[in-house]
Amino acid sequence: MSWWHFSRSRKKRPSSKLSMRRAGHSHLKILVHRKLTQILHRESNDPRFEGITISRVETSSDLSFAKVMVCHAGIWNDGESTGINEKQQHELVDSLNRASGFFSKKLGKSLSTRNTPKLHFVYDSGFDHSDEIEKLIRQHQIED
């Protein structure tokens, strides 16, 4: 075996390790998402957090920081969700960010990682937009 062949085969290894790191990182994001959902629904007794859904979690590579995207189920009137207004969204995110120490502490106890992420909650308005689109489609179907 030539030296050139040996050096070429070595170049492939770091890329496979990199993909394993990425796979492990995505696994950790899913794990943080699941654990936070459990903590939010089972261990948090705050009535302000009822109806909250964690839509997505984005973590840093060393798991020292996590951005948690949340949305609210909204208020149901006559079989339709009306959502919450911007002031309620800001109040919800502020109360979640004030309670982030509680969530981080509980998350640290349930994870077996070196770092426990510092949590930052952000409102995800994507579901509200999809509700508006669905309402427009229903109105168009009724008109036809």
In this structure, the FRET efficiency calculated for Val122 and Arg42 from their beta-carbon separation, with R0 = 30 Å, to the nearest 0.05, is 0.85
Between Ile30 and Asp62, the two model label points (7 Å from Cα along the beta-carbon direction) sit apart by a distance in nm of 2.6 nm
Distance in nm between Gln139 and Arg98 label points, each 7 Å along Cα→Cβ, equals 3.6 nm
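Throughout, read-outs are computed from the coordinates displayed, never taken from laboratory work. A quick note: this is a predicted structure, and the numbers were derived from the prediction, not measured. Cβ coordinates were reconstructed from backbone atoms using ideal geometry, including for glycine residues, and neighbour counts include every protein chain displayed.
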